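Each remark here refers to the structure printed beneath this line.
Read-outs: derived from the displayed coordinates by stated rules, not from any lab. Computed from a predicted structure; not experimentally measured. Cβ placement follows ideal geometry from the backbone for every residue including glycine, while neighbour counts extend to all protein chains displayed.
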Amino acid sequence: MEEQTMDKMKLIDVVSASVLFIGGLNWGLVGFFNFDLVAFIFGHMTFASRIIYGLVGVCAIYEAVSWSAIQRRWQCSGFWGETAST
């Protein structure tokens, strides 16, 4: 795969993982404290909050479907092109 394309895919991987991390924190807040941060900020089931929930779902599907490719992309080099130490 071309290096520039690889960097773009790695950026998508990082953004997707970040959205999932934030979504996971929100679900942790819901589970432990019955507090939905997304609903608190954007309103309960408003258009904006539904977009956020949908984005988390799309990122989860992307990560699940692309898991093997993500592992291959990150195996040989870091995000900025540094070689991984073995």
Check your understanding: Just from its helices, what would the mean residue ellipticity at 222 nm be for the chain, if runs of 4 or more DSSP H residues each count -39500 (n - 2.57) and the sum is divided by every residue, rounded to the nearest 500 deg cm²/dmol?
Key -> -25500 deg cm²/dmol
Revision key, fill the gap. Rg from C-alpha atoms of region 3-74, normalised by the globular rule of thumb 2.2 N^0.38 Å, equals 1.28
**Study point:** From phi via Karplus (6.51, -1.76, 1.60), per-residue ³J(HN,Hα) for region 17-29 in Hz, x at Gly/Pro
**Key:** 5, 5, 4, 5, 4, 5, x, x, 4, 4, 5, x, 4
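Using a Förster distance of 22 Å, how high is the FRET efficiency between residue 35 and residue 55, based on the Cβ-Cβ distance and rounded to 0.05?
Numbers: r = 20 Å, r/R0 = 0.91.
The formula returns an efficiency of 0.65 here.
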Revision key, fill the gap. In order over region 33-41: 3J(HN,Hα) from phi, Karplus 6.51/-1.76/1.60, θ = phi - 60°, whole Hz, x for each Gly or Pro, gives 10, 6, 10, 9, 5, 4, 5, 5, 7
Revision key, fill the gap. Measuring from the longest principal axis of the C-alpha atoms of the chain, the long axis of helix 47-65 (C-alpha) lies at a number of degrees, nearest 10, equal to 40 degrees
Point to revise | Charge tally in the Cβ shell below 14 Å around residue 71, where Lys, Arg are +1 and Asp, Glu are -1, residue 71 excluded | key: +1
Exercise for review: For residue 3 paired with residue 71, estimate the spin-label separation in nm (one decimal), with each label point 7 Å from Cα along the Cα-to-Cβ line.
Suggested key: 2.7 nm
